[in-house]
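Taking it in order: structure first as structure tokens, then the write-up.
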Amino acid sequence: MKKEGPIVIIEDDEDDILIFGEVLKSFNLPNELIFINDSTKAIPYLEQKHINPFMVISDINMPKMSGFELRDAICKDPYLTQKTKPFIFFTTVGNGYTIEEAFKRNVQGYFHKTPDLNQLTETLKEVITFWQDIEEAEPYNPELCV
């Protein structure tokens, strides 16, 4: 796994960008933090050959292109799908339908974006630690994407 690559955060809300930035910086990670506030710009960024993200974190409810639409577009390209593992949703939406729809898209995680800063910090730390410790993500399987 490419553990040294950037952590790419796709998030349109400025407050959430600030919070994610502060929390992730507090971990003193070696990874560069890349924030993309317009989801339509995520794929052109990720398609660049020299970009090899360690992790992609995306909101679901975004204007122009939702997180689901973004993930669907990524899943159309096997190279991009493999390159963006792990792909994790952090969102304020937590109903059963949304969770089911997220996992239909072969994401590696779905987490509630809680207003409790301590809980958000703990969740992000656990997610990052898990992916730092794992040896290899599962290979691309087109049947797992919608």
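The values are calculated or read from the model by the stated rules, or taken from the named source; none is laboratory data. Worth saying up front: this structure is predicted, and the values here are computed from it rather than measured. When we count neighbours, we look across all protein chains shown, and the Cβ atoms used for this are built from the backbone with ideal geometry, even at glycine.
Details
- Whichever residue in region 82-106 is in contact with a strand residue (DSSP E or B) (Cβ under 6 Å, 6 or more places away or on another chain) and farther than 16 Å from residue 61 by Cα and, among such residues, is surrounded by the most Cβ atoms within 10 Å (Cβ to Cβ): 84
- Here is the figure for region 71-100: residues that are part of a helix (DSSP H, G or I) and within 23 Å of residue 43 (Cα to Cα) total 13.
- Candidates 51, 99, 60, filtered to the one that is within 17 Å of the chain's Cα centre (by Cα) and at pLDDT 95 or above: 60
- Residue satisfying all of: in region 124-146; polar (S, T, N, Q) and modelled with pLDDT of 90 or more; farthest from residue 3 (Cα to Cα) among these: 129
- Of all residues making up region 4-52, the number that are polar (S, T, N, Q), assigned to a loop (DSSP other than H, G, I, E, B) and surrounded by 17 or more Cβ atoms within 10 Å (Cβ to Cβ): 1
- Residues being out of contact with any strand residue (DSSP E or B) (no Cβ under 8 Å at 6 or more places or on another chain) and exposed (fewer than 15 other Cβ atoms within 10 Å of the Cβ) are represented in region 55-64 by at least one member.
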